[in-house]
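Enquirer: I have a structure here, written as structure tokens, and I will follow up with some questions on it.
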């Protein structure tokens, strides 16, 4: 019945858009993607990367063949999110959950019912177009997120057929976090934030032209806090230097170098008894993660008649050091110490070109990329908890080379109809590794062709319908090869197909919305049903996303500056293989919603929003009864509200100071999940309580 009501509401919202005629163009509001009145709307390029010349929040094209959400800088700031987890909760179909108690530094994203192991392994996560993971193919887990929330300027979440342009791990979508672009005018910006649990964050950014054709941006963040768990401290430093050089009217080159260092406690979960005694307690105070990452990225761009070409290269090094007690419950007897160095390097080119053929316009997009990743050092040592000699239990090395090619063509048989057809070829000629202690030794190769097709039709100049279908994959993980059956069975690519059909409307009497029906069929994913790692898993999920926003000032002048909006997702995620065939996917809720009211006028701004996440199971068997260890049972539903109030003062020509106060989990709702474990240990993990903060932003065009 709930799904029917949501569907009826969505149809009503979108019917308003279909029935209404062209609405007058509103004056721009703070954070709108429009410039001065009458200026063209800035639409989103297909891939946002280092150097992309975007100064304001862009808008998704009306005729996009897939669903997509872009949160611009104002939207990012007004959510009051102190952590990345809190920010992405407001994006349709995405949810997060506590995993090991170190969520301030290690967020976990889940989308569209795909496996949720707490480490964000089944979605392509990017930062300025560069993979965020330590090894995008062979080790997708994010032990820490390599950019602080302070430097996140915008968020772009992409679904649909054009995902043939990306790889790997695209079945659930592509989530691209953007940092501030190099400013075209002199800029000096700082933000100081202090809050509960000894939270302190300082951001400094400075940049602008240093010559007639070259501009730079330097950023630095120092962020730390005690965390909301006992002995849950974290400390992060995040620095970046960007450069953009305009060669001539048609071409530019951009480069970026970033470095991040992270250290945080990882309390893990609690038994029911420990949780009842202190929901924010820490039974594993010696658990610890330390790591750092360095990234370099260069992009060359050149415009041509009806198109452009880009060449790019990037390099990443990630160092991780994890320490955790064993056993997970009870008195510890041993201590595990894990270290690894992960690298990847990419080089490639992509191009877009418009042309006419067979009496209709076409836009061709193609790309070629060589990717290499390697793990020369992956070592785990075990030692007595009280001290003593250590024993090496793992000492692995690994390397993988891939060559990817994709091409698609968007053709327009009529002015209103756009059809996109494309394919991606993935060849992995080398995937090899060895370990003399475990032991294992493998040398594999893979090849696959991944097609995609999509279409959109503009019903009016404010409304369009769209549909798409595409295939994606996930490569076998480094650790998986050490657990294959003794028959030396080769692991396969974990394949998935995704499809959507939807309707989108924009700007009719201030209302914009989208209704999307989607399905994901993820096959051959790795499971341990038989005690070995094998391609025996299958998940099928179906869902509905409904999104809407309403700028009330476009209907009633007295409400100028007031916007309300939100989204709701219903999904059914089922296991379709193994001993629990027909059960719900762990941590895959049936319903999720996000809502907000935003007001900006006269220098004041107010944001009040919230999220709802429905209940879910914590294991494949859908165990309804909680066990004493706290790692099994039903994860209850939760509602969390956020608030931010700010006042901006103009102190000069383009200079400003903003004072803000905010709170996350405004009503201090006590919620938790049953964590299944991982390196740091499972059990009951409490969600963040009420946390408040004060911040001051200074922006100077010097």
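Enquirer: Which whole-number percent is the relative contact order of region 585-642 (Cα, under 8 Å, 6+ apart)?
Expert: About 34 percent, as a whole number.
Enquirer: What's the extension gain from residue 667 to residue 276 if we count 0.36 nm per residue and subtract their Cα-Cα distance?
Expert: Fully extending the segment from residue 667 to residue 276 adds 138.7 nm.
Enquirer: Tell me the mean residue ellipticity at 222 nm calculated for the chain from its helices only (DSSP H runs of n ≥ 4, each -39500 (n - 2.57), averaged over every residue, nearest 500).
Expert: Counting only the DSSP helices, I get -1500 deg cm²/dmol.
Enquirer: Still on this structure: Per-residue counts of other Cβ atoms within 10 Å, averaged by peptide: what ranking do you get for 650-659, 360-369, highest first?
Expert: In decreasing order of mean packing, 650-659, 360-369 become 360-369, 650-659.
Enquirer: Now for a separate question. May I ask for the percentage of alpha-carbon pairs in region 63-137 that lie more than 19 Å from each other?
Expert: Of all Cα-Cα distances in region 63-137, 41 percent exceed 19 Å.
Enquirer: If I take every Cα pair under 8 Å that is 6 or more residues apart in the chain, average their sequence separation and divide by the length, what percent do I get for the relative contact order?
Expert: 13 percent
Enquirer: Take peptides 268-277, 522-531 and line them up by average Cβ neighbours within 10 Å, highest first, as a rough protection proxy.
Expert: So the peptides 268-277, 522-531, ranked by packing, come out 268-277, 522-531.
Enquirer: If you take semi-axes √(5λ) of the Cα gyration tensor in Å from the coordinates, which of [x] 70, 31, 21; [y] 54, 31, 24; [z] 37, 30, 27 do you get?
Expert: For semi-axes √(5λ) of the Cα gyration tensor in Å, the calculated option is [z].
Enquirer: Mind listing the Cα extents of region 160-303 along all three principal axes, in Å, largest one first?
Expert: For region 160-303, the Cα extents along the three principal axes come out at 67, 40, 22 Å.
Enquirer: Whole Å is fine, so just give me how far the alpha carbon centre of region 131-208 lies from that of region 464-511.
Expert: The distance from the Cα centre of region 131-208 to that of region 464-511 comes to 22 Å.
Enquirer: For residue 557 and residue 656 in the same chain, what is the full-extension length gain: residue separation times 0.36 nm, less their Cα-Cα distance, in nm?
Expert: Full extension from residue 557 to residue 656 adds 33.0 nm.
Enquirer: Order 132-138, 379-385, 458-464, 351-357 from most to least packed using the mean count of other Cβ atoms within 10 Å.
Expert: Top to bottom by mean Cβ count within 10 Å: 132-138, 458-464, 379-385, 351-357.
Enquirer: Further question on the same structure: Would you mind getting me the FRET efficiency between residue 445 and residue 416? Use the beta-carbon distance for r and R0 = 41 Å, nearest 0.05.
Expert: After rounding, the FRET efficiency stands at 0.35.
Enquirer: Which value in nm describes the separation of the simple spin-label points at residue 647 and residue 341, placed 7 Å from the Cα toward the beta carbon?
Expert: According to this spin-label approximation, the distance is 5.4 nm.
Enquirer: Let me ask something else about it. Which whole-number percentage describes the relative contact order of region 89-166, with Cα contacts under 8 Å and a sequence gap of 6 or more?
Expert: 20 percent
Quick note: the coordinates plus some simple rules give every number you see, no bench work behind them. Note that the coordinates shown come from a computational prediction; the quantities given were computed from them, not determined experimentally. When we count neighbours, we look across all protein chains shown, and the Cβ atoms used for this are built from the backbone with ideal geometry, even at glycine.
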